[in-house]
Amino acid sequence: MALTWPAVSAAPLSVRLMAGLPSPQPVGTVVSLVPRVENPERGMHVFRYSVSVDNGPFQILRDFSQQQEFVWAPALYEHDARVRLTVRNNATNSTAEAELPFRIVSRVKSQAGFVTPTANPLVALFSAPPCPEGRQFRVEFQREGSAESSRTSLEPCRGSRSSNVYVAGMHADSDYRMRLELVSPTSVTSGEWLPFHTGLLDGRFPPISVTTARTGSAPPPTERFLIRSLASVSGESWRAMASDLDGNVVWYMNTSAILTRVLPGGRFLVMAEGANSANDMRRLQVLKELNLLGQTVRETNVSRVAEQLATRGIVSRCKKDGQQCVTGFHHDAIRLPNGHTLVLAGLERMFPDGAQGSMDPIDVLGDIVVDLDEDFQVAWVWNSFDHMDLKRAAVGDEKCRFGPGSGGCTPVFLADQANGWLHSNSLHYVHGSGDVLISIPAQDWVIKIDYKDGNGSGKILWRLGHDGDFTVKSNDPDPWFSFQHDARIETPGSNRLIVFDDGHRRKKTNPQANNRGQVWELDEKARTATLVYNADVGAYAIAVGSAQRLSNGGYTFESGFINPGPSPYGQSTETSPDGKIVYAQQAAGGVTYRSYRVPDLYTAPHK
């Protein structure tokens with residue numbers, strides 16, 4: 001909630017920062033930070049939190065937001081931190097700062113490591129003595145009675161500082177043992193086994209069932225876990241969770257958020273409801289990077305991004321008398337090789353008579369792609385209104401209503417209704433060229449834009465799909481995808497594109513049609529697209545979906561919204577290299593926005 005005051009004080013704005021716990025605290029402790037604003041002025045006040053570790057540069061934890069308090073999760077090694085709070089009055093642009101020194105100390109009291117439970121019953125904190133710089137460490141863990149081991153990601157040894165890592169990917173209410181592994185270029189040295197018993201689940205999970213069991217002698221892929229981004233039927237509550245291929249829950253996130261991508265090292269990109277820096281809208285306003293406990297690593301909001309876009313010519317006024325508004329984040333955020341993050345956001349714009357066939361002034365909801373640097377600050381932007389043909393309205397004439405938005409729409413501010421022009425739903429970075437693919441389902445296109453690692457013009461290089469730039473090569477009578485999701489190059493450097501075909505247009509002419517998983521072989525020079533893989537996934541979802549190549553050459557596709565109504569469910573379907581269904585798992589009672597198959601919770605999905 002915004003801080004506002006009725007009177008202007010003669011004294012200058014100032015602020016104090018207080019912590020919910022005294023310094024020092026052991027590694028793994030989360031610390032509540034609370035501001036105390038003194039001499040507040042009339043107007044909305046917003047708060048930014050940054051941290052410096054061991055006198056290093058300050059890095060933003062949360063950019064300017066109306067949310068006053070912050071729960072800080074310090075880095076998992078002992079260090080001296082300085083937390084900086086900056087408060088700003090939006091009306092006057094006056095600011096005040098406060099800093100809080102805080103020390104994080106080791107949990108390790110002897111040469112023996114030990115395991116600490118966390119707030120998540122399926123996640124443990126493993127702590128061990130320091131290891132020599134230049135080497136790496138990880139934790140091996142096993143369920144008692146099983147010979148199968150899992151491992152955390154490799155972490156750098158920090159010399160005199162202790163070795164700590166979150167351990168995740170375990171069954172509930174089970175006995176485990178875990179040990180440190182010290183890794184050098186030529187050897188792996190293991191420590192002593194330590195016991196750990198996982199806790200009980202909170203019960204807020206959908207029923208999971210295996211509807212097609214794996215048979216035959218073909219080796220299964222190494223991706224033995226399935227991570228889902230789940231939503232309630234109303235779409236008002238979200239939860240990310242992981243299960244094994246038998247349907248047992250092995251991890252979940254307490255934070256309500258839309259999981260967009262799984263990052264290496266037990267990190268996740270999510271979008272969430274939350275406070276912005278300008279108004280009282282909350283839906284789809286916040287972008288976060290989270291750890292395995294759902295704790296914030298860094299965070300920004302759409303209004304704060306809009307402030308920066310104003311200096312690039314995209315001026316946002318999110319009111320009914322406004323002409324343009326950056327409305328909210330939506331559908332996708334991805335991490336780039338250079339550490340930057342690309343995120344989709346809605347851009348709403350009013351047009352005079354005649355736009356997209358209207359006889360009256362019309363509100364059109366387009367998209368932007370924003371490149372955020374490692375501090376979540378704007379580094380580059382692609383504006384659909386600069387590059388897409390505005391005369392080409394949405395193929396299905398989709399609409400978005402005024403208010404918080406629904407049906408995948410971002411909030412609408414400028415009119416009672418907006419044309420849902422693009423509804424872009426996925427981003428993909430093209431290794432080699434440094435360009436970006438955007439899936440635009442309302443146009444039935446996947447486009448490639450000139451990004452060039454942040455140095456490109458944003459020009460559309462090609463459009464793939466019906467009425468696009470490619471000649472199709474296929475014996476299928478209806479080969480093109482429609483209202484597709486999750487388009488990506490199958491493997492880095494290849495000329496094959498994988499996509500989940502929701503098939504909205506095909507369903508209208510063939511009521512028995514199902515979703516399809518497709519692979520297209522592209523000749524970008526000759527502008528030909530050959531359909532080389534076209535798997536019927538055995539189900540039809542009216543929306544959402546994902547596509548992924550597996551390590552054994554097969555694929556997995558998510559039909560996330562089957563049987564709309566009071567009892568929807570999602571189905572994750574694995575298909576073999578020859579297009580046959582070899583495994584399927586369902587999650588009942590809600591919508592699965594996306595799913596990912598992973599070998600563990602520390603490895604990003606196969607690309």
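The charge dipole of the stretch 194-307, taken about its Cα centre with unit charges on the Cβ atoms of Lys, Arg (+1), Asp and Glu (-1) only, comes to about 140 debye. A Cβ-based charge dipole, computed about the Cα centre of the stretch 73-212 with Lys and Arg at +1 and Asp and Glu at -1, lands at about 320 debye.
Overall, the accessible surface of the stretch 164-274 at a probe of 1.4 angstrom is composed of carbon and sulfur to the extent of 52 percent.
Pairs Lys452/Lys473; Lys473/Lys507; Lys459/Lys525: which are spaced more than 25 Å apart, C-alpha to C-alpha? From the list (Lys452/Lys473; Lys473/Lys507; Lys459/Lys525), the Cα-Cα distance tops 25 Å for Lys452/Lys473. For Lys320, the lysines whose Cα falls under 26 Å of its own Cα, not counting residues fewer than eight places away in the same chain, are Lys391, Lys399.
A 1.4 Å probe over all protein chains sorts Arg312, Arg505 by accessible area into Arg312, Arg505, starting with the largest. Using the 1.4 Å probe convention, the accessible area of the chain works out to 40 Å² per residue with neighbouring protein chains retained.
Once neighbouring chains are kept in place and the probe is 1.4 Å, which whole percent of the accessible area of the stretch 489-599 is contributed by carbon and sulfur? Its accessible area is 51 percent carbon and sulfur atoms. Every helix of 4 or more DSSP H residues in the chain counts as -39500 (n - 2.57), and over all residues that averages to -500 deg cm²/dmol at 222 nm. You can think of it this way: the chain between Glu69 and Lys391 has 111.3 nm of extra reach, that is 0.36 nm per residue less the Cα-Cα gap.
Site-free segments of the chain were taken between GluC sites (Glu not before Pro) in DSSP loops having at most 15 other Cβ atoms within 10 Å, sites themselves excluded; the longest one is 375-523. Taking a point 7 Å from the Cα of Thr528 along the Cα-to-Cβ direction, the residues of the stretch 446-469 with backbone N closer than 20 Å to it are 462-469.
Subtracting the Cα-Cα distance of Arg82 and Glu521 from their residue separation scaled by 0.36 nm leaves 152.8 nm.
Farthest toward the positive end of the dipole of the stretch 443-578, out of Gln484, Gln443, Gln571, is the Cα of Gln443, where the dipole comes from beta carbon charges about the Cα centre. Place +1 on the Cβ of every Lys and Arg and -1 on the Cβ of every Asp and Glu in the chain, take the dipole about the Cα centre, and give the residue among Met170, Leu422, Asn39 whose Cα lies farthest towards its positive end. Farthest towards the positive pole: Asn39.
Listed by chain and number, the aspartates and glutamates whose C-alpha is less than 13 Å from the C-alpha of Lys448, apart from same-chain residues fewer than 8 away, are Asp435, Asp469, Glu524. Largest accessible area first, the residues Asp202, Asp371 order themselves as Asp202, Asp371 under a 1.4 Å probe with ligands, DNA and RNA left out.
Measuring only protein heavy atoms, the 1.4 Å probe finds Val326 accessible over about 10 Å². Between Leu154 and Glu97, the contour length at 0.36 nm per residue exceeds the alpha carbon distance by 16.8 nm.
The values are calculated or read from the model by the stated rules, or taken from the named source; none is laboratory data. The model shown is predicted, which means the values in this text are computed figures rather than measured ones. Note that each Cβ is placed from the backbone with ideal geometry, even for glycine, and that neighbours are counted across all protein chains shown. Calculation scope for accessible area: heavy atoms of the full protein, side chains included, ligands and nucleic acids excluded. Shrake-Rupley method; radii C 1.70, N 1.55, O 1.52, S 1.80 Å.
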